[in-house]
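Down below is the structure, laid out as structure tokens.
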Amino acid sequence: MTAPTLLAVSLSGRRAGDHAHQEHRPLLIVGPSLGTSVTALWSAAAEDLGENYEVVGWELPGHGRAAPAEDNFSVADLAEAVAGLARRIQAERGTPSAQYYYAGVSVGGAVGLELALADGEALAGLAVICSGARIGEPSAWRERA
């Protein structure tokens, strides 16, 4: 399995990729739940948080405007992709070693738990919402897919 390419969505009212002019507000990356676009889930919160944080969401493959995945991937692969996204944004902002915050709901929260294990030194804070280290049984997910 390999880390999927994630579609990043700026939720702070600036166009995606315009990280150099974010006034060095702390970076907050937010993750979606299964079946929901990150924009639908996080836009209202991002509006409240946008003055103090640069809020960037990521779409699950096949959700929102993101293309479907071409290969299988795991939650750990998603966490690897989110860590890469954070590094890329921080580099574009000119703060490559800065920590970032992460919040995720459901599968997005499970990604946050993986981030804490794999990229914990880079996290300034973590919110895991309505999630767990294991969500359901593999057979139920295969049936749902």
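Filter segment 37-52 down to the residues that are polar (S, T, N, Q) and outside any helix (DSSP H, G or I), then identify the one that is surrounded by the fewest Cβ atoms within 10 Å (Cβ to Cβ).
Applying the first criterion (polar (S, T, N, Q)) to segment 37-52 yields 37, 39, 43, 52.
Now drop any that are not outside any helix (DSSP H, G or I), which leaves 37, 52.
On the way: S37: 19, N52: 11.
Here the answer is N52.
I need the full set of residues from segment 119-141 which are of a type in the set (G, A, S), closer than 20 Å to P96 by Cα and surrounded by 14 or more Cβ atoms within 10 Å (Cβ to Cβ), in order please.
Residue satisfying the conditions is A122 alone.
Anything in segment 115-144 that is part of a helix (DSSP H, G or I) and more than 21 Å from L27 (Cα to Cα)? List them, or say none.
Those that are part of a helix (DSSP H, G or I) and more than 21 Å from L27 (Cα to Cα): P138, S139, A140, W141, R142, E143, R144.
Just checking, does segment 53-64 include any residue being open to solvent by 60 Å² or more (accessible area, probe 1.4 Å) and over 21 Å from T5 (Cα atoms)?
yes
For segment 65-101, which positions are open to solvent by 20 Å² or more (accessible area, probe 1.4 Å), assigned to a helix (DSSP H, G or I) and free of Cβ contacts under 8 Å to residues at least 40 places away in the same chain?
Residues satisfying the conditions are V75, R87, R88, A91.
For G125, state whether it is modelled with pLDDT of 95 or more, more than 13 Å from the chain's Cα centre (by Cα) and of a type outside the set (A, V, I, L, M, F, W, C).
Yes; evaluated as a whole, the condition is true for this residue.
Does G109 qualify as being buried (at least 20 other Cβ atoms within 10 Å of the Cβ) and at negative phi? Full working, then the answer.
Details: buried (at least 20 other Cβ atoms within 10 Å of the Cβ): yes; at negative phi: yes.
Against the criterion (buried (at least 20 other Cβ atoms within 10 Å of the Cβ) and at negative phi), G109 qualifies.
Looking at G108, G112, G104, which is the one that is under 20 Å from S37 (Cα atoms), touching a Pro at 6+ places or on another chain (Cβ under 8 Å) and assigned to a helix (DSSP H, G or I)?
Among G108, G112, G104, only G108 is under 20 Å from S37 (Cα atoms), touching a Pro at 6+ places or on another chain (Cβ under 8 Å) and assigned to a helix (DSSP H, G or I).
The values are calculated or read from the model by the stated rules, or taken from the named source; none is laboratory data. Nothing here was measured: the structure is a model prediction, and the numbers come from that model. Cβ sites come from the backbone with ideal geometry, for glycine too, and all protein chains shown count toward neighbours. What goes into the accessible areas is simple: the full protein's heavy atoms, side chains included, and nothing from ligands, DNA or RNA. Shrake-Rupley method; radii C 1.70, N 1.55, O 1.52, S 1.80 Å.
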